[in-house]
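Undergrad: Submitted below is the structure of interest, expressed as structure tokens.
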Amino acid sequence: MLINKWKLPSFPLFLLFTSVFLSFCTTSVTSSSVNSSSSSNPSDAVALLDFKAKADLSSALPFSNTTLQYLCQWAGIECAKSRVVRLVIQDLDLGGVFAPDTLTRLDQLRVLSLQNDSLTGPVPDLSGLFNLKTLFLDHNSFSGSLPHSLSSLHRLRTLDFSYNNLTGPLPEWLSGLNRLYYLRLEWNRFNGTVPPLNQSSLQTFNVSGNNLTGVVPVTPTLLRFGPSSFLWNPSLCGEIIRIECHPNAPFFRPATPSTVPTAPSPSRALGLRTGQGVELTEPCHKKRKRTAVLIGFSSAVFVLICSILCFVLAVKKQRKHVKRTDLSSDDAAAAQAAAAVQMEQEELEQKVKRVQGIQVVKSGSLLFCAGEAQVYSLDQLMRASAELLGRGTLGSTYKAVLDNRLIVCVKRLDASVLEGTGREAFERHLESVGALRHPNLVPLRAYFQAKEERLLIYDYQPNGSLFSLIHGSKSTRAKPLHWTSCLKIAEDVAQGLSYIHQAWRLVHGNLKSSNVLLGSDFEACVTDYCLSVLATSLPPWEEENPDSAAYKAPETRHSNHSPTPKSDVYAYGILLVELLTGRPPSQHLVSVPPNDMMQWVRSVREESDHDGGGGGDSEESSNKMGMLLEVAITCRTASPEQRPTMWQVLKMLQEIKENVAADETDTELMGSCPR
């Protein structure tokens, strides 16, 4: 049963597969068999030990011959039916090479991550990993080209070779990986052109920081990404990256002088044979005659121009003199009064801006995030009409309508909260945050700082926050959402957080329902991400808010403990219970023990149904809602080590969705059978 599987005491984090995990077979493996390289079907243990022998120069991997029977309990390894299906070895500074015929023998492997391990040399032939779906080899020192063997791995969805020393052209076969969802190749030394990728599944793509050249192909897939995915490739051009392909590019002919063409005579044509570039000269006496005529004509024109200029200057000087003598004292007083009125008007506008919360700052300018088009200026932003949307942990948020009718969301950071964060540190961090792009993150478009003023500009989300959806407004009473809506929102938020954690190794640090916004299609988009590390203190109202305190993981409730990915997971668990019950976090965290959580959630939804709120859960829906609640309970475990990662949480939710889809299909088939 799915829920019981998540409660296995020995493997609380193994949540990726629906089958029950089995322990590694207890049959002993002799030392001679382990060291043998002649076996035609070597075990997974042999493959791991062979990899360690070549890759682990610092002896960081805890793999050994003496613990072979506990293979599936080795750090970073997950098994299914006694076979290794997931291997995560990262941040260990191994320093060796990824030798051929080692890990590539793990033919049941689905996930392989060797991130940030200082591995060198070429990437070996990976065709043996025919079940592989996820491959992270980023932040190493691999050299050579992309292995052609990847083209045979048709189940691949995630491929990350960023931050290596790979060279050569990007191969055309990348377009043939039809299931590819995530492709990152930035900061290598690839050359050649960008392949015409057109997989509809591709959601993450980046080839910045290479030596790519030519026109970026215009395909429906590549059009989704824009310039930020192609930065720091000086020789790229085209519509997608908004750089015109100039005629002096190597693949165009050199520009010719802009002269009126004349039909060449036969003799001239003979003197301009291909490859010579020799032009026949005219007779000398004709050239002298033409030169004399040109000199005489030029002299006459020069004298005429000088005469006209002298006349114009004399008239202008006389007019200025008359104007100065005729200016009366009344005119001077009128000009002074007009200047005073203008100054008062400007001071009034300044006061209005201060009341609105956006003060005009004379120094500094907007800094647009990587690849963003500069579609408005700081001056336009300051002239915008502003509406206060709310005040949060880091500052106040406004809806700003610019004069071109563009609507943006402006977050004005509280100077006291960010006190001690220097200008350079702020810009460095915002460069990283501004590069995050995911369908479930509200994109940061630009930012500004001068003196103590700091502004962040985001896309405006028209359908409000998840907090308003859950709890309603003063005039309307909210009701618990249907479990299918809860599942959709939960998956959207998990997608965004997983991207922050895995793709960028950053931390949200301030997840709560008011920081989840609803987009134009009511997709859930996370905002205010990765900013908590800049805060040196919290405002008083935030420290006194019991609901904000409820989102904090136990290990981060002291001011000297920074947020971590696992504390984000804890906050996500709190958010999920709030989503299922419609009750604020301070209620279900304090008054409900974990063992009673399931019964409490069901009673809350039933109570809402009886009161006319319309929870309306059938027995079947209640069971499926229970699966979501089980995920929430797993996330809000007190011990960080016992919590899953956001990537594992996402897989849990997708597993629930697949099981529900399978149940619905079975029901439809049963309904269509003859009776």
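What follows draws every value from the coordinates through simple rules; no lab data is involved. Computed from a predicted model, the values in this text were never measured in an experiment. Backbone-built Cβ (ideal geometry, glycine too); neighbour counts: all protein chains shown.
Undergrad: For residue 599 and residue 200, what is the calculated FRET efficiency with R₀ set at 41 Å and r taken between the beta-carbons, to the nearest 0.05?
TA: 0.40
Undergrad: Can you give the local net charge around residue 93? Use residues other than it whose beta-carbon is closer than 13 angstrom to its beta-carbon, Lys and Arg +1, Asp and Glu -1.
TA: So the environment of residue 93 carries a net charge of -3.
Undergrad: What net charge do the residues around residue 524 carry, taking every other residue with its C-beta under 10 Å from that of residue 524, with Lys and Arg at +1 and Asp and Glu at -1?
TA: Spelling it out: positives minus negatives among the neighbours equals -2.
Undergrad: Gain in length, residue 561 to residue 388, computed as 0.36 nm per residue apart minus the alpha-carbon separation, to one decimal in nm?
TA: Between residue 561 and residue 388, full extension yields 59.1 nm more.
Undergrad: Same structure, new question: Only loop residues by DSSP count here, and only those with at most 15 other Cβ atoms within 10 Å; note down the trypsin sites (Lys or Arg not before Pro) in the stretch 114-214 that meet that.
TA: 155, 179
Undergrad: While we're on this one: Would you order 561, 501 from fewest to most other beta-carbon atoms within 10 Å of each residue's own beta-carbon?
TA: By the 10 Å Cβ count, ascending: 561, 501.
Undergrad: Follow-up. Please give the contour-minus-distance gain from residue 107 to residue 189: 0.36 nm per residue of separation, less the Cα-Cα distance, rounded to one decimal in nm.
TA: Contour length minus the Cα-Cα distance gives 26.5 nm.
Undergrad: Once R0 is set to 41 Å, what does the formula 1/(1 + (r/R0)^6) return for the Cβ-Cβ distance between residue 428 and residue 172, expressed as a FRET efficiency to the nearest 0.05?
TA: 0.65
Undergrad: On to the next question. Please order 104, 564 by the number of other Cβ within 10 Å, starting at the fewest.
TA: 564, 104
Undergrad: Sorted from fewest to most neighbouring beta carbons within 10 Å, what does the list 566, 651 look like?
TA: 651, 566
Undergrad: Per 0.36 nm of contour for each residue apart, how much would the distance between residue 154 and residue 125 grow if the chain were fully extended, relative to their Cα-Cα spacing?
TA: Additional length available on full extension: 8.9 nm.
Undergrad: Same structure again: Rounded to whole Å, give me the distance from the Cα center of the stretch 135-156 to that of the stretch 363-409.
TA: The two parts, judged by their Cα centres, are 41 Å apart.
Undergrad: Using amide H atoms built in the peptide plane, which far-off residues or other-chain residues are under 5 Å from residue 213 H to H?
TA: Long-range HN contacts for residue 213: 192, 193, 194.
Undergrad: Using 1/(1 + (r/R0)^6) with R0 = 30 angstrom and r between the beta carbons of residue 218 and residue 520, what's the FRET efficiency to the nearest 0.05?
TA: The value I calculate is 0.75.
Undergrad: Compute the distance in nm between two label points, each set 7 Å from the Cα along the Cα-to-Cβ direction, one at residue 211 and one at residue 453.
TA: For the pair residue 211/residue 453, the computed spacing is 4.5 nm.
Undergrad: Okay, moving on. Can you compute the modelled spin-label distance between residue 143 and residue 59, with each label point 7 Å from Cα toward Cβ, in nm?
TA: Modelled inter-label distance: 2.8 nm.
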